[in-house]
């Protein structure tokens, strides 16, 4: 399959070792071109594509990004096990809706109680800020709750039922007993095995 996209030289020059997580943003990308790129590039686990109404962002995530998202996932699995919550992992699968002209791959995503077409929770790790507003994409996908990890802390958002878009929340509505500050204190990729065990002990009932 041949895919042609005109990428300006200025954008190509952003891909350099000096950039922690290189990002290219392209305008005027049709839905079919986006679908074709998914089919062609999907075997690359460290590539993230975000599509919002004919704007496509391609980003390669860093090893630090991978370590943090995996650390958070392990802690959430531990929490779900301890609390007897049926948590279904959806990982970084591509979610998209053509009618909304939106699509992306979360860093981690989960369904609760049963598997669903769209996850109940998506988690995004932000190492390099900027780019497409992912909450606008998640709004089109109708994901109920989105967590962002940036600069050593979580920011939580829920899809509002009263006004368009998301609103910030201080605690998760999906995990109402989860102490977010406690969870945050154990996100230590450099001490991953010890942190997971200590977190289990801290929440043990």
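The values are calculated or read from the model by the stated rules, or taken from the named source; none is laboratory data. Bear in mind the structure is a predicted one, so any value in this text is a computation, not a measurement. Note: ideal-geometry Cβ built from the backbone for every residue, glycine included; neighbour counts use all protein chains shown.
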- Message: Kindly evaluate residue 49 against the criterion of being more than 24 Å from residue 190 (Cα to Cα) and in contact with a helix residue (DSSP H, G or I) (Cβ under 8 Å, 6 or more places away or on another chain).
- Response: yes
- Message: Being at pLDDT 90 or above and either in a loop (DSSP other than H, G, I, E, B) or touching a strand residue (DSSP E or B) at 6+ places or on another chain (Cβ under 7 Å) (or both) is the filter here; which residues of the range 1-37 pass it?
- Response: 24, 25, 26, 27, 28, 29, 30, 34
- Can you tell me which residue within the range 38-55, out of those that are surrounded by 13 or more Cβ atoms within 10 Å (Cβ to Cβ), modelled with pLDDT under 90 and part of a loop (DSSP other than H, G, I, E, B), is farthest from the chain's Cα centre (by Cα)? 42
- In the range 80-87, is there at least one residue being assigned to a strand (DSSP E or B), assigned by TED's automatic domain parsing to the domain that holds residue 124, at pLDDT 95 or above and surrounded by 13 or more Cβ atoms within 10 Å (Cβ to Cβ)? yes
- When the range 90-101 is checked residue by residue, the ones that are in a strand (DSSP E or B) and touching a strand residue (DSSP E or B) at 6+ places or on another chain (Cβ under 6 Å) are 96
- Message: Residue under question is residue 77, and the condition is that it be surrounded by fewer than 19 Cβ atoms within 10 Å (Cβ to Cβ) and under 26 Å from residue 181 (Cβ atoms); does it hold?
- Response: yes
- Query: Among the numbered criteria (1) modelled with pLDDT under 95; (2) surrounded by 12 or more Cβ atoms within 10 Å (Cβ to Cβ), which single criterion is violated by residue 162?
  - Reply: (2)
